[in-house]
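The values are calculated or read from the model by the stated rules, or taken from the named source; none is laboratory data. All of these numbers come straight from a predicted model, not from anything done at the bench. Every residue, glycine among them, receives a Cβ derived from its backbone with ideal geometry; neighbour counts consider all protein chains shown.
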Amino acid sequence: MQPTIQSKLPNVGTTIFTVMSTLAVQYNAINLGQGFPDYEMSSELTNLVNEAMQKGNNQYVHMNGLPLLRQRLAEKVQDLYTTKINAETDITITPGGTYALYTALTTIIQPGDEVIVFEPAYDCYIPTIELNGGVPVLISLTHPTYAIDWDLVKQKITNKTKAIIINSPHNPTGSVFSAADIIQLQNIVSNTGIFIISDEVYEHLIFDGKQHESILKYPDLLERAFVCFSFGKVYHCTGWKMGYCIAPENLMKEFRKVHQFNCFTCNSPVQVALAEFLKQKENYLQLGNFLQQKRDYFFDLMAQTKFIPIPSFGSYFQLYSYVNISNEIEKDFAIRLTKEYGVATIPTSAFYKNEIDNKTLRFCFSKKEETLERAVERLVKV
């Protein structure tokens, strides 16, 4: 008799990102689906990594991350948000932002716990909750503004609510939290045992003069929060899979218990290089303007097409409606767009557990101008 696996994720198959990227290669399509740049990252940073390796920084660093890197991050938080973070006890370096999110949820969820998830949602949230025996409580953002209906959130709170996951700037919609959203969140979690998981990997990718309302700015929220970040999104090196989590000491202590038996520690020479590179604040402070120029360039090009833009105020992404083009469901239209027109996107329905169809696609504009131009030359024909 052969052993069999009782799947912990019986309804999960290959992710839409893999499906669309595979189709893009198969049909020689321009890939505006997956969220990664196709332009070069800083040669200075790659040189710093090489230098770190040449100098022998190739063995394990501390489980919690290189002390100097954590100190530099604490200084960055102080500068940006006037919040004092203890580099020794409150920061852990992780192999990517998704790992940080996974570890935070694994740290707090017990079987039967409910976690509020706003959809469309980054695709790791729901599977992670379910793998840990939790119950995702799904709340749809209001289409097409993708705002949160806070009255509905209040209705969904029960004595089983363990956490609320927030994501700003938001993937896939590009919406951002406002100060009014923060007030609503404060009112809901005040005097409760509810945790906050704050996905802030697009922290610096915010446009149109808007301010990033980080949980790190609000002590009453931070005391119950795990705040997750990505170096890959900041320094255009998504393949390095480097991120970090910030949480109060009592929460981080438990986070590290899970972390130490999973990856234990992260890429050493990269941490050495990042600690040095972080001294150059302009690299992240100018990132919003850099990506806004790409968003605007793509927006202007897309005016030639029949696609209807849905405003994006942050992230790598902008949604476009194709309601004037086709009545096909999103996945079918996205596949046809790849096969027949040579442009790969992501159907927004893939970010809903029940694949809600609003006739929108997610486009990644974090590409070279010539890539965007070539893509729109094809999209004009749709």
Out of (1) surrounded by fewer than 18 Cβ atoms within 10 Å (Cβ to Cβ); (2) assigned to a helix (DSSP H, G or I), the odd one out for Val270 is which? (1)
Gly239 vs (1) touching a Gly at 6+ places or on another chain (Cβ under 8 Å); (2) under 17 Å from Leu69 (Cα atoms); (3) in contact (Cβ under 8 Å) with a residue 40 or more places away in the chain: all pass except (2)
Contacts under 8 angstrom Cβ, first residue in segment 13-34 being closer than 26 Å to Ile126 by Cα, partner aromatic (Phe, Trp, Tyr) and in a loop (DSSP other than H, G, I, E, B), 6 or more apart: Leu32/Phe365
For segment 65-76, state whether one or more residues are charged (D, E, K, R), surrounded by fewer than 21 Cβ atoms within 10 Å (Cβ to Cβ) and over 24 Å from the mean Cα position of the chain (by Cα). no
Top-ranked residue in segment 19-41 [being exposed (fewer than 15 other Cβ atoms within 10 Å of the Cβ) and over 18 Å from Tyr316 (Cα atoms); ranked as nearest to the chain's Cα centre (by Cα)]: Thr22
Identify, by number, the condition in (1) in contact with a strand residue (DSSP E or B) (Cβ under 9 Å, 6 or more places away or on another chain); (2) farther than 24 Å from Cys364 by Cα that Ala179 doesn't meet. (1)
Just to be sure, is Ile346 in contact with a Cys (Cβ under 9 Å, 6 or more places away or on another chain), among the β-branched types (Val, Ile, Thr), touching a residue at least 12 places away in the same chain (Cβ under 8 Å) and under 21 Å from Ser140 (Cβ atoms)? yes
So, in segment 246-266, exactly how many residues are crowded, with 18+ Cβ neighbours inside 10 Å and assigned to a loop (DSSP other than H, G, I, E, B)? 3
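Conditions tested, residue by residue: (1) among the acidic types (Asp, Glu); (2) assigned to a helix (DSSP H, G or I); (3) over 21 Å from His236 (Cα atoms).
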| site | (1), (2), (3) |
| --- | --- |
| Gly35 | no, no, no |
| Gln71 | no, yes, yes |
| Val77 | no, yes, no |
| Ile85 | no, no, yes |
| Glu88 | yes, no, yes |
Quick one: in segment 130-182, which of the residues that are without any contact (Cβ under 8 Å) to a residue 40 or more places away in the chain and charged (D, E, K, R) is surrounded by the most Cβ atoms within 10 Å (Cβ to Cβ)? Asp181
Inside segment 129-164, the number of residues satisfying the requirement of being closer than 15 Å to Ile196 by Cα and either under 19 Å from the mean Cα position of the chain (by Cα) or not assigned by TED's automatic domain parsing to the domain that holds Gln186 (or both) is 4
Is one or more of the residues making up segment 41-52 outside the structural domain of Met252 (by TED's automatic domain parsing) and more than 24 Å from His204 (Cα to Cα)? no
Of the residues that make up segment 301-309, is at least one outside the structural domain of Tyr99 (by TED's automatic domain parsing) and under 22 Å from the mean Cα position of the chain (by Cα)? yes
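Taking segment 292-336, which residues are aliphatic (A, V, I, L, M) and within 17 Å of Glu370 (Cβ to Cβ)?
Quick first cut of segment 292-336, residues aliphatic (A, V, I, L, M) only: 301-303, 308, 310, 319, 323, 325, 329, 334-335.
The answer is Leu301, Met302.
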